[in-house]
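The values are calculated or read from the model by the stated rules, or taken from the named source; none is laboratory data. Note that the coordinates shown come from a computational prediction; the quantities given were computed from them, not determined experimentally. Backbone-built Cβ (ideal geometry, glycine too); neighbour counts: all protein chains shown.
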């Protein structure tokens, strides 16, 4: 016989389960739109994932009706999404709770998003970012790429100087972006901007932002990702200790960073496809030759996609120090733990792996090494 207490408990459990099911399935946001022409039967909805929001999982296929319209409601988490209309048209948008998002297409290759203040913030950030690139980075980068393509030995000094200018311009570009991030408050729109965040002098701000963001978006995946990004930024700021790197060298032999730390070591993230990286090869080779006997080491990690091209660049550029790579671009734990989202990138560490300087190139690197090794000699 079932007791009265058991019946009450059972009824309460059923109510709870129904309540949970209803809550789980309730609409978080909706999307609708009308294409400029009916050239596709479906649109694909993707959700971003990871720390850099550059990987996406497909979460739904939206049917496009005969009148070129589509609509759908979702119980998905607030997040950063992309709607793929066709191979060349992807519409990014930020969806937060309660938003009814409308996407219109005034022309075949153009779109407008309304109903999402978070998307407006993200679009403003992107416009600002592109403007800074066009004004401050692209002109110098194009000059460098032209000289590298000409491959004239007489231009080596100019290439080295231009490479230094590109690196400084790109560092300034990233520093400038924090002003645009600060305008976004705790909007989910900050999530896709994390790929360009820098720590060090900005750490106090980012730590405060992560705390506020986690409180505002408690329990969401994006909150966990923002907190994780800030943890890594703090770890690779000056004074932090670098993570171990173990990866195969050009002969396929596993090499360890920790087992090859010198008195001072430059951890150099390099790419055979990266013009500024290639432009500083001669300077690094000179520094390595000058200070190796005093305890200077370079440990190169290749952000590479083609093994043969990587090995060829190492030989052509006389990179005679240890070079390793997992040959999978940025998609590895090493790039993740060092917050590598663009190169060139480097870290100057002491014999214990403590970061003394970072993103240090050309004359600045030379002066720093002179300073450090002169202290040893004295």
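Scanning the stretch 99-111 for any residue that is modelled with pLDDT of 95 or more, surrounded by 13 or more Cβ atoms within 10 Å (Cβ to Cβ) and within 22 Å of the chain's Cα centre (by Cα) turns up nothing. Restricting the stretch 34-48 to residues that are within 31 Å of the chain's Cα centre (by Cα) and at pLDDT below 95 leaves a set whose member that is nearest to residue 329 (Cα to Cα) is 43.
Scanning the stretch 112-132 for residues that are loosely packed, with under 14 Cβ neighbours inside 10 Å and in contact (Cβ under 8 Å) with a residue 24 or more places away in the chain returns a single hit, 117. Going by the structure shown, is residue 313 assigned by TED's automatic domain parsing to the domain that holds residue 254 and surrounded by 18 or more Cβ atoms within 10 Å (Cβ to Cβ)? The answer is yes for residue 313. Here is a check on your reading of the model: is residue 228 touching a strand residue (DSSP E or B) at 6+ places or on another chain (Cβ under 9 Å), surrounded by fewer than 19 Cβ atoms within 10 Å (Cβ to Cβ), modelled with pLDDT of 95 or more and within 30 Å of residue 81 (Cα to Cα)? Spelling it out, it is not the case that residue 228 is touching a strand residue (DSSP E or B) at 6+ places or on another chain (Cβ under 9 Å), surrounded by fewer than 19 Cβ atoms within 10 Å (Cβ to Cβ), modelled with pLDDT of 95 or more and within 30 Å of residue 81 (Cα to Cα).
Taking the criterion of being under 20 Å from residue 220 (Cα atoms) and either out of contact with any helix residue (DSSP H, G or I) (no Cβ under 8 Å at 6 or more places or on another chain) or part of a loop (DSSP other than H, G, I, E, B) (or both), the residues of the stretch 65-98 that qualify are 73, 74, 75, 76, 77, 78, 81, 82, 96, 97, 98. Exactly one residue out of 303, 334, 298 is in contact with a helix residue (DSSP H, G or I) (Cβ under 6 Å, 6 or more places away or on another chain), touching a residue at least 24 places away in the same chain (Cβ under 8 Å) and buried (at least 19 other Cβ atoms within 10 Å of the Cβ): that is 298. Exactly one residue out of 238, 188 is more than 15 Å from the chain's Cα centre (by Cα), surrounded by fewer than 19 Cβ atoms within 10 Å (Cβ to Cβ) and in contact (Cβ under 8 Å) with a residue 60 or more places away in the chain, and it is 238.
Taken together, the criteria exclude residue 43 from residues that are buried (at least 20 other Cβ atoms within 10 Å of the Cβ) and touching a helix residue (DSSP H, G or I) at 6+ places or on another chain (Cβ under 9 Å). Residues of the stretch 354-378 that are assigned to a loop (DSSP other than H, G, I, E, B) and over 21 Å from residue 239 (Cα atoms): 378 alone. Do we have residue 62 as surrounded by 13 or more Cβ atoms within 10 Å (Cβ to Cβ), touching a strand residue (DSSP E or B) at 6+ places or on another chain (Cβ under 9 Å) and either under 29 Å from residue 222 (Cα atoms) or modelled with pLDDT of 90 or more (or both) here? Taking the combined requirement at face value, the residue satisfies it. Just one of the listed residues (262, 295, 300) is outside the structural domain of residue 191 (by TED's automatic domain parsing) and within 27 Å of residue 328 (Cβ to Cβ), and it is 300.
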